[in-house]
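Before any comments, here is the structure.
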């Protein structure tokens, strides 16, 4: 059955001399892996549209029994050129793509994750501040869309209200009250930034936040998805002094 | 009967390590090698062994070479002030085939790809920086692929080299020679328009 959908290119792997297997995040079917025959040939019409980050309209033959579908058409809707043209935006954007990959599954609708990813990237193209800060906000939005956002007001252990200021934090769910035990501790400024960023649903807040916020949220995302993020290793490599 | 013959299965498995070779193609190749004169298979086997033993990476540009330094790095006719950076050894072959470049090369052996865990430590970036630090280089031309990963690599190199006082340029992307606009895809056309030059 031929299907048409919108999708974001999550990853691409070369296959044979001229083909490529491209994994898209689609709203209706979550991850869809497609064989793109001839994508690596010079002058291929589809090949250029299938770069990472690209939002594309795709047409493919869907067969339930196959894990890799066959792509017949792809046209570019948005290349997010401003993200690719800025090294830091692209670097942190890769983490967001990987997070979307880990949060979604094959054949499972991912409408909220898809909408969050696209609006995040649209916001990132206009963003003029620190990309690491924007990545922290995007991480929260994607975790929220995937139902894994950290609790910011109530203790994840006992449900009690956790007053403003520094507090304990559990990678298993979020803030923890003074009476319960948790291995991590949030400084007051990180806790406050977490609350502000959690509330800002439409666009990344412009106020500054400690760089520890991204570290906290990326570790939280890794714990929640049970996955090691390759892009985080590269971010650490590039940002080390 | 060749089916289930262990040596045949091993040969097919060995041939499958080649890019673009699946089980059926490997079986066809194996059958060809077995039915061809013995000398042909022997020659192929010896050529692979010899090439593997002799070919290594150039200690200067990291390209594949039989003599170290490679022919380009040891040539007195090349412009030693210009280095063209490519992702793979195939890049140097393609540019040499074009014949328009007279400088030196540097092969990164990949591109920055955070999604696959490939950072600067996995590439030969440090060796490129060491070459530039020696002081003979005026310009570095970044000829990485026109993909998100190639662009990220170019931006990273530009940032790293920016502090070293050398000019950093990027090869142009756009409509191929002899190509009609109506056959170009949207992404290539928009790149071509962005990189337009004044006449």
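Dividing the Cα convex hull volume of segment B:1-119 by residue count, how many Å³ per residue is that?
Working: hull volume 20.5 nm³, N = 119.
So the per-residue hull volume is 172 Å³.
Size descriptors for the protein assembly as shown: radius of gyration and Dmax over Cα atoms are 25.4, 84 Å. Applying 1/(1 + (r/R0)^6) with r as the Cβ-Cβ distance of residue B:138 and residue A:41 and R0 = 41 angstrom yields a FRET efficiency of 0.70.
How many partner chain Cβ atoms sit within 10 Å of a residue's Cβ in peptide B:114-126, on average, as a whole number?
Values: counts 18, 13, 7, 9, 4, 9, 3, 4, 2, 0, 0, 0, 0.
For this peptide, the per-residue mean of nearby foreign Cβ atoms is 5.
Within segment B:64-193, what percent of beta bridges assigned by DSSP are antiparallel, to the nearest 5? Counting only bridges with both partners in segment B:64-193, antiparallel ones make up about 5 percent.
Taking the Cβ of each residue in A:24, A:121 as the centre, tally the other Cβ atoms inside 10 Å and list the residues starting with the fewest.
Working: A:24 28, A:121 21.
In increasing order of surrounding Cβ atoms, one gets A:121, A:24.
Counting beta carbons within 10 Å around each of B:7, A:104 and listing the fewest first gives the order B:7, A:104.
Can you sort A:158, A:177 by how many other beta carbons sit within 10 Å, fewest first?
Details: A:158 11, A:177 18.
Final ranking by Cβ density, sparse to dense: A:158, A:177.
Each principal axis of segment B:6-54 carries a Cα extent, and these read 30, 24, 19 Å when sorted largest first. Look at where the Cα atoms of segment A:1-48 and of segment B:1-56 average out, and the two centres are 32 Å apart.
Secondary structure note: in the protein assembly as shown, about 70% of the DSSP beta bridges are antiparallel.
Report the rotationally averaged projected area of segment A:158-241 based on its alpha-carbon convex hull, in square nanometres.
Values: hull surface 27.3 nm².
Reported value for the Cα convex hull: 6.8 nm².
A P(r) calculated from all alpha carbon pairs of segment B:73-149, with 10 Å bins opening at zero, reads 18, 50, 27, 5, 0 percent. Kirkwood-type hydrodynamic radius, segment A:2-79: 12.1 Å, calculated from all non-identical alpha-carbon pairs. Convex hull volume of the C-alpha atoms in segment A:59-167, normalised per residue: 145 Å³.
Return the whole-Å distance between the Cα centroid of segment B:114-158 and the Cα centroid of segment A:100-137. Measuring centre to centre over Cα atoms gives 28 Å.
Suppose R0 equals 22 Å; then what is the FRET efficiency for residue A:144 and residue A:172 from their Cβ-Cβ distance, rounded to the nearest 0.05? Kindly include the intermediate steps, with their values, before the conclusion.
Working: r = 17 Å, r/R0 = 0.76.
Calculated transfer efficiency: 0.85.
On the principal axes of its alpha carbon atoms, segment B:64-193 extends 46, 33, 30 Å, with the longest extent given first. Spread over its residues, the convex hull of the C-alpha atoms of chain A is 135 Å³ per residue.
Efficiency by 1/(1 + (r/R0)^6): what FRET value for residue A:160 and residue B:59, r their Cβ-Cβ distance, R0 = 60 Å, to the nearest 0.05? List each step's numbers first, then the result.
Values: r = 64 Å, r/R0 = 1.07.
Between residue A:160 and residue B:59 the formula returns 0.40.
Label positions at residue B:68 and residue A:82, each projected 7 Å from the Cα along the C-beta direction, are separated by 4.8 nm.
Let me have the relative contact order for segment A:2-79, percent, based on Cα pairs under 8 Å that are six or more residues apart.
31 percent.
Taken together, the values in this text are just the output of simple stated rules run on the coordinates, not laboratory data. On a predicted model such as this, the values are computed, not experimentally measured, just so you know. We place every Cβ from the backbone using ideal geometry, glycine too, and count neighbours over all the protein chains shown.
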